[in-house]
Amino acid sequence: MNTNILNFKTMKINYLTLNLMKTTKFFIGAFFCLTLITSCSDDDDNPAPVLEEELITNVTLTFVNNDDPLDIVTMASVAPDGQDGASTELVSGTFTSGETYALTLALTNESEDPAEDVLNDDIIPEADEHFFVYAVNGINLTLSRDDDDVDASDSEKLGLNTTWVAGAASTGNVQIILVHEPEGADDSDEFGSVTGGSEDINITFSNVEIQ
């Protein structure tokens, strides 16, 4: 065979082999870049973590007169599907003007068997992630957060142990809110206020009376 022809064929094969290697490297590089872009895109599309709220079906506020243990006011809320669903609120008893009451809270999840004590099992152990806010409208009630109250978000008092004073005869509403992971909490006005966070409960009891 002619030596020139043989050399030409060899050069052609080398050329094709070189181009094949370059093409292969190109596709491998392109595939790697596509994989990296897709991975980054998936990371960007991941939703922000959702705050895990407590499931609370039953909330009971029990006010007991410091000087008369038989003088009791009870406010109860029942929400079988949790506080985001339908609920029923009941108020039993009336406050006595000029008297001081200690509040006891009970928050449970009755959908569990046995019922879960949400207050003692979840809220108190994670007090730094919770804060109770109270409000009154039309009724002459004032409150203070007790010295032995539990430390909560921002080292403020949780609002678990509180004392209430009934003023002049009146009728109005009492509101209780439990905030989960507030961005900021302030107990300087005793009733409490927050910024950010989500609500585990937000309940308003109507037609509460002081006589």
If you take the residues of segment 118-147 that are more than 17 Å from the chain's Cα centre (by Cα) and over 18 Å from Ala185 (Cα atoms), which of them is surrounded by the fewest Cβ atoms within 10 Å (Cβ to Cβ)? Asn137
Single match in Ile72, Ile123, Ile56, Ile139 (criterion: in contact with a His (Cβ under 8 Å, 6 or more places away or on another chain) and on the phi < 0 side of the Ramachandran plot): Ile123
Could you list all residues from segment 70-104 that are among the aliphatic types (A, V, I, L, M) and touching a residue at least 60 places away in the same chain (Cβ under 8 Å)? Val73, Met75, Val91, Ala102, Leu103
With criteria (1) at pLDDT below 95; (2) more than 20 Å from the chain's Cα centre (by Cα), Ser155 comes up short on (2)
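So that you can scan it fast, the table gives a plain yes or no per residue for (1) assigned by TED's automatic domain parsing to the domain that holds Ile139; (2) at pLDDT 95 or above; (3) within 16 Å of Ile210 (Cα to Cα):
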| site | (1), (2), (3) |
| --- | --- |
| Phe63 | yes, yes, yes |
| Thr88 | yes, yes, no |
| Gly93 | yes, yes, yes |
| Gly98 | yes, yes, yes |
| Ala102 | yes, yes, yes |
| Asp113 | yes, no, no |
Just to verify a result, which residue in segment 153-211, among those that are part of a loop (DSSP other than H, G, I, E, B) and on the phi > 0 side of the Ramachandran plot, is surrounded by the most Cβ atoms within 10 Å (Cβ to Cβ)? Gly159
Tell me, please, whether a residue that is more than 26 Å from Ser170 (Cα to Cα) and surrounded by fewer than 16 Cβ atoms within 10 Å (Cβ to Cβ) can be found in segment 90-99. no
Scanning segment 145-194 residue by residue, the ones that are of a type in the set (Asp, Glu) and free of Cβ contacts under 8 Å to residues at least 12 places away in the same chain total 2
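The values are calculated or read from the model by the stated rules, or taken from the named source; none is laboratory data. Predicted model only: the values in this text are computed from it and were never measured. As a convention, Cβ positions derive from the backbone with ideal geometry for all residues, glycine included, and neighbour counts pool all protein chains shown.
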